[in-house]
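A.B. asks: Before we start, here is the structure in question, set down as structure tokens.
Bear in mind these aren't lab numbers, they're just calculated from the coordinates by the rules spelled out. Keep in mind the model is a prediction, meaning the values are calculated, not measured. With ideal geometry, Cβ positions are generated from the backbone for all residues, glycine too; neighbour counts draw on all protein chains shown.
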Amino acid sequence: MKQDTMTAEQLSLDTAVQSFAQATGFDVTFGGFEHRGVATVTSLFGNQTQSLSGLEVALGLGLGGRAMHECRPRLTSDYARSSKITHHYDTQVLTEGIRMLFAVPVIVDGCVRAVLYGGSRTASAREMPSSTRHRR
């Protein structure tokens, strides 16, 4: 999206996604605003493909949909094998090479407004460099 046509809301999401990456050390971060039970991924940082761009995540489906439904962060250390989520978005997530995925809903005035994701291309935090594990 071009900077001159970007809305202030989209710019704030882009800033949050990039800051999330820098603060956590995740390989890839992404996010999208929720509208009528669907979060559409419009911001990506560290991605190697465009497989997640425009992804529409429905309430209750996948890890992000579960995070939105439960209004709390959710984590899976092995996305492809997780029995705790639906696998509606496997093609998009696995094409990006994501193994571990974290999803956190952004809640404003008690309502989910967006979802932020952090993904790692390694299976667990133990495989991540120590400099990214211990960031505060």
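A.B. asks: Using the beta-carbon distance between residue 48 and residue 82 and R0 = 25 Å, what value does 1/(1 + (r/R0)^6) give for FRET efficiency, to the nearest 0.05?
C.D. replies: 0.70
A.B. asks: Take each of the peptides 57-67, 75-85, 93-103, average the number of other beta-carbon atoms within 10 Å over its residues, and list them starting from the highest.
C.D. replies: The most tightly packed comes first, giving 57-67, 93-103, 75-85.
A.B. asks: Further question: What dipole magnitude, in Debye to the nearest 20, does the chain give about its Cα centre under +1 on Lys/Arg Cβ and -1 on Asp/Glu Cβ?
C.D. replies: Once rounded to the nearest 20, the dipole reads 500 debye.
A.B. asks: Simple spin-label model, 7 Å along Cα-to-Cβ: residue 111 to residue 9 in nm?
C.D. replies: 1.0 nm
A.B. asks: Taking the Cβ of each residue in 14, 109 as the centre, tally the other Cβ atoms inside 10 Å and list the residues starting with the fewest.
C.D. replies: In increasing order of surrounding Cβ atoms, one gets 109, 14.
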